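Asker: First the structure, which I've put down as C-alpha cells, then a few questions once you've had a look.
The values are calculated or read from the model by the stated rules, or taken from the named source; none is laboratory data. Because the structure is a prediction, the values reported are computed rather than measured. Here the Cβ is made from the backbone with ideal geometry for all residues, glycine too, and neighbour counts use every protein chain on show. Ligands, DNA and RNA are excluded from the accessible area calculation, which covers all protein heavy atoms including side chains. Shrake-Rupley method; radii C 1.70, N 1.55, O 1.52, S 1.80 Å.
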Amino acid sequence: MSYKLRVEALQAWYGQHQVLKGISMPIRANTITAVIGPSGCGKSTFIRCLNRMHEVVPGTRVAGRVWLDGRNIYNGINAVEVRRRVGMVFQTPNIFPAMSIFQNVVAGLYLNGIRGRRQLQERAENCLQQAGLWEEVRDRLHDTAAGLSSGQLQRLCIARALAVEPEILLMDEPCSALDPIASIRIEELMRELKASYTIILVTHNMQQAARVSDYTAYLCDGELVEYESTPEVFIRPKDSRTENYITGRGADTRPL
Ligand SMILES: Nc1ncnc2c1ncn2[C@@H]1O[C@H](COP(=O)(O)OP(=O)(O)OP(=O)(O)O)[C@@H](O)[C@H]1O
Ligand SMILES: [Mg+2]
C-alpha cells in the first residue's frame, strides 16, 4: 500500500496564534482516517491545510510540507489544482438553494469550462449514483435543491465534490447535523467510496470513528498525540490523554 499524502512538520497560525504545532503523519491511499480531538484543538484547521483552504483566511500562515503523491502542495502545485484533487465536504451542506439539484452537482464542472450538455448529464448521474442519491432524485433533477432533506443535501454535497474527480475527500463533521439513519447512510457511502478515494474524516462521534475509519489520529492542542490503526487507538490507546478523551473523561481531571 502506498502513501497518498504525507504531512511533515505542519504548522499553522491565525495571526500570532499558533494552532498546529508540527504535525507529521503519512496517510495511505484508499483508507479512511478519522481525526478526533477536543473542540478548538485544530482539527478543521488541519484538514483545511491539506487542500490549501487555510490560506484563504486573511492573516493566516502555514509552514511545513504536505506531499501529495510525492509533490509538495505548498511548493510547485497551484492552489486551484490542489483544491480540485483534494475535495471537501463541510458540516453544514453548503448548497446553492435557488439552483436545481442538477446545477448543484455540476457547478464545479461548469466553472471549469465544461459545458457539453451530454457530458454534464452523464457526470451528474454518475456522481449522484456514487453518492447514493440517484434513485431518490432522478425524477426531480431540475427541481431546486432546497426541497431535499438534510441527509439528502449532504449526499448532494458529496456528489458535487466528486464531480470534479478528486483523489482525496476531506469531510469536516459531515454527519453532525444528521439523524442517526442519515448518518449511517453517509458512513456506508464512505466505505464504498474508499475503494476509489482516500478519505479524511473529522468527527466528534467516537462510535462513528470506530465504525468507519481504518486509522485514527487524536489531536490535542495542535499536537498529534496518537495515530494508529483504529482498533489500536480504541482498544489499546497508548497515551492517557487519548484514553481520557475516547472514554468521555475529557481533560477534566479534578478530584471529585
Ligand atoms: N478564522 C479564524 N480566526 C482566528 N482564529 C481561528 C479561526 N478559526 C479557528 N480559529 C482558532 O483556531 C483554533 C483551532 O480551531 P479549529 O476550528 O481548527 O478547531 P476544531 O478542532 O475544528 O474545533 P471544533 O471541534 O469545535 O470544530 C481555535 O482556537 C480557534 O479559535
Ligand atoms: Mg472544526
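Asker: Please go through segment 171-219 and pick out each residue that is of a type in the set (A, V, I, L, M) and closer than 21 Å to S149 by Cα.
Answerer: Passing the criteria: M171, A177, L178, I181, A182, I184, I186, L189, M190.
Asker: Determine which single condition E192 fails, assuming it passes every other condition in (1) among the acidic types (D, E); (2) open to solvent by less than 60 Å² (accessible area, probe 1.4 Å); (3) more than 22 Å from G40 (Cα to Cα).
Answerer: The single condition E192 does not satisfy is (2).
Asker: Could you check how many residues of segment 24-53 are more than 12 Å from ligand 2 (Cβ to nearest atom) and not hydroxyl-bearing (S, T, Y)?
Answerer: The qualifying residues number 13.
Asker: Something else now. Is it fair to say V7 is under 18 Å from the mean Cα position of the chain (by Cα), within 15 Å of G222 (Cβ to Cβ) and at pLDDT 95 or above?
Answerer: yes
Asker: Could you please let me know if I77 is free of Cβ contacts under 8 Å to residues at least 60 places away in the same chain and β-branched (V, I, T)?
Answerer: Taking the combined requirement at face value, the residue satisfies it.
Asker: For segment 46-67, enumerate the residues that are assigned to a helix (DSSP H, G or I) and either more than 8 Å from ligand 1 (Cβ to nearest atom) or open to solvent by less than 10 Å² (accessible area, probe 1.4 Å) (or both).
Answerer: Once the filter is applied, which keeps residues that are assigned to a helix (DSSP H, G or I) and either more than 8 Å from ligand 1 (Cβ to nearest atom) or open to solvent by less than 10 Å² (accessible area, probe 1.4 Å) (or both), segment 46-67 yields F46, I47, C49, H54, E55, V56.
Asker: To continue, here is another question. So in segment 24-42, with the set limited to residues that are within 12 Å of ligand 1 (Cβ to nearest atom) and open to solvent by less than 10 Å² (accessible area, probe 1.4 Å), which one is farthest from A195 (Cα to Cα)?
Answerer: Across segment 24-42, the extreme among qualifying residues is C41.
Asker: Y218 is checked against (1) open to solvent by 40 Å² or more (accessible area, probe 1.4 Å); (2) not in a loop (DSSP other than H, G, I, E, B) and fails just one. What number does that condition carry?
Answerer: Failed condition: (1).
Asker: Continuing with this model, one more query. Answer yes or no as to whether L5 is over 21 Å from R241 (Cβ atoms), more than 10 Å from ligand 1 (Cβ to nearest atom) and either part of a loop (DSSP other than H, G, I, E, B) or not aromatic (F, W, Y) (or both).
Answerer: Spelling it out, L5 is indeed over 21 Å from R241 (Cβ atoms), more than 10 Å from ligand 1 (Cβ to nearest atom) and either part of a loop (DSSP other than H, G, I, E, B) or not aromatic (F, W, Y) (or both).
Asker: Which one is nearest to the chain's Cα centre (by Cα) among residues in segment 68-95 that are loosely packed, with under 15 Cβ neighbours inside 10 Å and of a type in the set (G, A, S)?
Answerer: If we take residues in segment 68-95 being loosely packed, with under 15 Cβ neighbours inside 10 Å and of a type in the set (G, A, S), then A79 is nearest to the chain's Cα centre (by Cα).
Asker: Contact list please: Cβ distance under 8 Å, first residue in segment 161-189 and crowded, with 19+ Cβ neighbours inside 10 Å, second residue part of a strand (DSSP E or B) and of a type in the set (K, R), pairs at least six apart or on different chains.
Answerer: From segment 161-189, the pairs are I168/K4.
Asker: Sort out which residues of segment 83-98 are in contact with a strand residue (DSSP E or B) (Cβ under 7 Å, 6 or more places away or on another chain) and not polar (S, T, N, Q), and write them in order of number.
Answerer: Matches in segment 83-98: R85, V86, G87, M88, V89, F90, P97, A98.
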